[in-house]
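A quick write-up on the structure given underneath.
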Amino acid sequence: MTLAPSHKALVPFVSVDNMMKLVHHIGIEPMLRGLADYIEADFRRWELFDKTPRIASHSEEGVIELMPTSDGEVYGFKYVNGHPKNTREGLQTVTAFGLLANVGNGYPVLLSEMTVLTALRTAATSAMVAKYLAPKGAHTMAMIGNGAQSEFQTLAMKAICGLKSVRLYDIDPAATAKAARNLRGLGLEVVSCSTPEESMEGAQIITTCTADKQYATILTDNMVGAGVHINAIGGDCPGKTELAPGVLQRSTIFVEYPEQTRIEGEIQQLSPDHPVTEMWQVINGTAKGRSHADEITLFDSVGFAIEDFSALRYVRDHIAGTDLFLDLDLLADPDDPRDLFGMLQRASTP
């Protein structure tokens, strides 16, 4: 016999299709602002969260990671990979899914795709941080690395920081052409550049987002002048960096969670005791952000589980009252909680 699942067995599931519909239902720029607000709110209560560096399984081809956290009432995790070679095989460099659960009973309350959502939350985090660290009135960004994240980063900076112009550069001209095409008509001046140096002309914000799994120097020391904000979002694993050590030495460095960033971020090139400032302390007012106009600020962003938790919270709140999710029969729910085997037996009855 077929047993219909009870409501206790059902978990809301947001597919890629429904995530895209949700973005269009809300609007991409309003959603980026909303995600940034949720992330900022959780940074303000940072001390409530369980915190641990993500659990990573590295290979020559890439990395697979689990990113867990909890605020004591809700538990969340994200599964995510990073495989730079994938684009050559017609695959995404990054894919992800995530889950929220009730701490009180352990039951999942949301399962969601996070490939699209990670792109949105990463961009929202970058712009939320730039709101605190970028020079006052910053209006032009150099976007170095024009892959899957570049348009999201650009639109988040527009929506949250008032960006007016983006200067695109990638070693692959086709990637730059793609980004320029996608950004056309979205209220920004878009300039395609043939060198990284050209992309930084007049830029007050420099975003680096490249994916090679190796030590690399995307920004050399002589390329970076005074008074800029660097948003370093590429890298994110041992042995992969984008910035010359000299750039780091001249910068005031801000991070999400030092224990993770010292393993995976740009600062893996520095001594373990090199001073950094945790971004949650800037947001709650216990640490300084940018202190003078000529300062170089650097957000050594590697992504942290609390940001994914915030993004999943946002999705859970905003699918309520819509049809933009599926009820997934995920949890066994026997009539008698002690009789799981009996439920299985009854399912075989004609």
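What follows is calculated from the coordinates using simple rules that are stated; it is not laboratory data. Computed from a prediction, not measured in an experiment: that's the story for all the values here. A quick note on method: Cβ atoms are made from the backbone with ideal geometry, for glycine too, and the neighbour counts reach across all protein chains shown.
For the chain, the share of DSSP beta bridges that are antiparallel, to the nearest 5, is 50%. Using equal-weight Cα scatterers in the Debye expression, the normalised intensity of the range 1-72 in log10 at q = 0.15, 0.20 Å⁻¹ is -0.95, -1.08.
Panel values: the range 122-304, Kirkwood radius from alpha carbon pairs, Stokes-Einstein at 20 °C and 1.002 mPa s, translational diffusion coefficient 134 µm²/s.
Summing +1 for each Lys or Arg and -1 for each Asp or Glu among the other residues whose beta-carbon sits under 11 angstrom from that of residue 315 gives 0. Convex hull volume of the Cα atoms of the range 64-120, normalised per residue: 79 Å³.
Taking the charge dipole of the chain about its Cα centre, with +1 at Lys and Arg Cβ atoms and -1 at Asp and Glu Cβ atoms, the residue from 311, 68, 129 reaching farthest to the positive side is 129. Of all DSSP bridge pairs formed entirely within the range 122-304, close to 5 percent run antiparallel.
On a 0 to 90° scale, report how tilted helix 173-183 is relative to the longest principal axis of the chain, with both axes built from alpha carbons and the result rounded to the nearest 10. Tilt relative to the chain: about 70 degrees.
Listing 314, 132 from fewest to most neighbouring C-beta atoms within 10 Å gives 132, 314. A dipole drawn for the range 122-304 from +1 and -1 charges on Cβ atoms has a positive end, and of 277, 257, 157 the residue lying farthest that way is 157. Placing unit charges on the Cβ atoms only, positive for Lys and Arg and negative for Asp and Glu, gives the range 255-350 a dipole magnitude near 140 debye about its Cα centre. By definition, a body whose alpha carbon gyration tensor gives a ≥ b ≥ c is oblate when a/c is 1.5 or more and a/b is not larger than b/c, and the range 22-62 fits this oblate description. GNM on the chain, alpha-carbon springs under 10 angstrom: the most fluctuating residue among 337, 258, 272 is 337. The Cα atoms of the chain give a gyration tensor whose axes a ≥ b ≥ c have a/c of 1.5 or more with a/b greater than b/c, which makes the shape prolate. Among 71-78, 119-126, the peptide with the highest mean count of other Cβ atoms within 10 Å heads the list, and the full ranking is 119-126, 71-78. Angle check, please: helix 150-161 long axis (alpha carbons) against the longest principal axis of the chain (alpha carbons), in degrees 0 to 90, nearest 10. Here the helix axis deviates by roughly 80 degrees. Of the residues 52, 176, 115, the one that moves most in a GNM of the chain with alpha-carbon contacts below 10 Å is 52. Ellipticity at 222 nm from helices only: DSSP H runs of n ≥ 4 in the chain, each -39500 (n - 2.57), divided by the residue count, give -9500 deg cm²/dmol. Residue-wise HN-Hα couplings along the range 277-291, as the Karplus relation 6.51 cos²θ - 1.76 cosθ + 1.60 with θ = phi - 60° gives them from phi, are 10, 7, 5, 4, 6, 5, 5, 8, x, 9, 9, 7, x, 5, 10 Hz; Gly and Pro carry x.
Summing charges over neighbours of residue 159, with a neighbour being any other residue whose Cβ is under 10 Å away from its Cβ, gives +1 when K and R count +1 and D and E count -1. Note: relative contact order over the chain, using C-alpha pairs below 8 Å and six or more positions apart, is 22 percent. Taking the Cβ-Cβ separation of residue 87 and residue 58 as r and a Förster radius of 22 Å, what is the calculated FRET efficiency to the nearest 0.05? The formula returns an efficiency of 0.70 here. For a straight C-alpha distance cut-off of 20 angstrom, no lysines are reachable from residue 21 once same-chain residues fewer than eight places away are disregarded. GNM remark for the chain: springs join alpha carbons under 10 Å apart, and the peak mean-square fluctuation among 155, 32, 340 falls on 340. Backbone geometry of the range 309-318 corresponds, through the Karplus equation with coefficients 6.51, -1.76 and 1.60 at θ = phi - 60°, to 3J(HN,Hα) couplings of 4, 4, 5, 5, 4, 4, 5, 4, 5, 8 Hz, x marking Gly and Pro. Once the Cα atoms are used to define both axes, helix 16-26 deviates from the longest principal axis of the chain by about 70 degrees. Magnitude of the charge dipole for the chain, about its Cα centre and with charges confined to Cβ atoms of Lys, Arg (+1) and Asp, Glu (-1), is about 640 debye.
Set the Förster distance to 25 Å, then compute FRET efficiency between residue 286 and residue 41 from the Cβ-Cβ distance, nearest 0.05. It comes out at approximately 0.90. Report, for the range 2-117, the % of DSSP beta bridges that are antiparallel, rounded to 5. Counting DSSP beta bridges with both partners in the range 2-117, the antiparallel share is about 90 percent.
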